[in-house]
Amino acid sequence: MKNFELVFESENIQYIKLSKDLIDEYLKMVNDPEVANKISHKKRTFTYKEEEEWVKTKLEEEAMC
């Protein structure tokens, strides 16, 4: 994995800081039917543009804190 800022790590999980560089990986996860079934009752597919906007918004919110 690239050098991303590690936020939390356990035996099974590495939680890294949100990054625009990971949008493709985020899309694979949220659009995976098994994952989507666990995080929402509404089935939908997220687009790259939607995910990009979500990441941008979250990064802006984080910068304001």
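The values are calculated or read from the model by the stated rules, or taken from the named source; none is laboratory data. Computed from a predicted structure; not experimentally measured. In this analysis, Cβ positions are derived from the backbone assuming ideal geometry, glycine residues included, and neighbour counts consider all displayed protein chains. The protein model used for the area step is the full one, side chains on, heavy atoms only, and it has no ligands, DNA or RNA in it. Shrake-Rupley method; radii C 1.70, N 1.55, O 1.52, S 1.80 Å.
Among the criteria (1) free of Cβ contacts under 8 Å to residues at least 24 places away in the same chain; (2) open to solvent by less than 100 Å² (accessible area, probe 1.4 Å); (3) under 12 Å from the mean Cα position of the chain (by Cα), the one Y26 does not fulfil is (1). Is it the case that the stretch 46-62 has a residue that's part of a loop (DSSP other than H, G, I, E, B), in contact with a helix residue (DSSP H, G or I) (Cβ under 9 Å, 6 or more places away or on another chain), surrounded by 13 or more Cβ atoms within 10 Å (Cβ to Cβ) and among the polar types (S, T, N, Q)? No, the conditions are met nowhere in the stretch 46-62.
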